[in-house]
1. Inside the stretch 17-40, can you point out the residues that are of a type in the set (V, I, T) and within 16 Å of the ligand (Cβ to nearest atom)?
2. Might you check whether a residue that is closer than 30 Å to L199 by Cα, of a type outside the set (A, V, I, L, M) and under 21 Å from the mean Cα position of the chain (by Cα) occurs anywhere in the stretch 87-107?
3. For the stretch 164-173, check the following and say yes or no: at least one residue is at pLDDT 95 or above and within 16 Å of the ligand (Cβ to nearest atom).
4. Could you run through the stretch 111-127 and say how many residues are of a type in the set (A, V, I, L, M) and over 23 Å from the mean Cα position of the chain (by Cα)?
5. Among residues belonging to the stretch 51-91 that are within 15 Å of the ligand (Cβ to nearest atom) and more than 30 Å from L235 (Cα to Cα), point out the one that is least open to solvent (accessible area, probe 1.4 Å).
6. Hey, among G217, G211, which residue is open to solvent by less than 10 Å² (accessible area, probe 1.4 Å) and away from the ligand (no atom under 13 Å from the Cβ)?
7. Among what's in the stretch 28-42 and is within 12 Å of L190 (Cβ to Cβ) and of a type outside the set (D, E, K, R), pick the residue that is most open to solvent (accessible area, probe 1.4 Å).
8. Quick one: would you say N19 is within 23 Å of L145 (Cα to Cα), touching a strand residue (DSSP E or B) at 6+ places or on another chain (Cβ under 9 Å) and open to solvent by 70 Å² or more (accessible area, probe 1.4 Å)?
Amino acid sequence: MIEIQDLVKRFGSHTAVDNVSLSIGQGETLVLLGTSGCGKTTTLKMVNRLIEPSSGAIRVNGVDVRQQDGPTLRRRIGYVIQDGGLFPHYTIAEAIATVPKLLNWESTAIQERSRELIDKLQLPETVLLRYPAELSGGQRQRVGLARALAAKPPVVLMDEPFGALDPFTRRHVRRELFGLNELKETTVVLVTHDVSEALELANRIVLMDQGKIVQVGTPTELQKNPANEFVRDFLDI
Ligand SMILES: Nc1ncnc2c1ncn2[C@@H]1O[C@H](COP(=O)(O)OP(=O)(O)OP(=O)(O)O)[C@@H](O)[C@H]1O
């Protein structure tokens, strides 16, 4: 589904992502885990071309991401960031409709899809007419996900999607979201530095340090067979 090959990103003399290769399967939830500054976000943003690689290649469904311009590519790849990443001057209905509109969906189809998502994410329909500032953090997060899923993208990238929430709401929202059938069929790449979140959500975890992959495996593999002291320390085992 997503093939990342020998990916490198340098910022001046600093190598933020250092020769990363990964294969992510259809419907898989892959978690990029690691300390602050280890290159998780930079790796993620190269998938949807918010950052261009220094070298290496990324293919989504066999097609090199560089064959499409950034905006076109991003219509097919959902993107969720901390606190929802919503524009303050768009109502929730407008926010969710953004990508379907760009894809020229009929307005009745957009309305139907928006209501479906609002319902699935257990938000009251009245939020559709409100602005992000009028919602709670947990609600904004759900709306951010609704916006990312609106046009049914095969791939969704998530960068610390629950980072702005208190621990209780965080657990609650993430269980709800990852319980959605719709998300089970979607390929998800999620960035976090939260070990328990990674262990709970990941099919596989990619543990990174200083731009490099230290270990890739299922949560159980990492816990049972940590590759080295760093992995043991990071997972606190
Ligand atoms: N635009 C940029 N210009 C220069 N250096 C950058 C830029 N973006 C990121 N970096 C550097 O690249 C490294 C990796 O950053 P990145 O944001 O990918 O880390 P991260 O693992 O996502 O960290 P965090 O969890 O803190 O967000 C860091 O050292 C960061 O300072």
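1. Answer for the stretch 17-40, where residues must be of a type in the set (V, I, T) and within 16 Å of the ligand (Cβ to nearest atom): V17, V20, V31, T35.
2. No, the stretch 87-107 has no match at all.
3. The answer is no; no qualifying residue exists.
4. Residues in the stretch 111-127 being of a type in the set (A, V, I, L, M) and over 23 Å from the mean Cα position of the chain (by Cα): 1 in total.
5. Restricting to residues being within 15 Å of the ligand (Cβ to nearest atom) and more than 30 Å from L235 (Cα to Cα), the top hit is S54.
6. G217
7. Among residues in the stretch 28-42 that are within 12 Å of L190 (Cβ to Cβ) and of a type outside the set (D, E, K, R), the one most open to solvent (accessible area, probe 1.4 Å) is T41.
8. So N19 fails the test.
The values are calculated or read from the model by the stated rules, or taken from the named source; none is laboratory data. Computed from a prediction, not measured in an experiment: that's the story for all the values here. Because the Cβ atoms are built from the backbone with ideal geometry, glycine has one as well, and the counts that use them run over all protein chains shown. These accessible areas exclude ligands, DNA and RNA; they are computed on the full protein's heavy atoms, side chains included. Shrake-Rupley method; radii C 1.70, N 1.55, O 1.52, S 1.80 Å.
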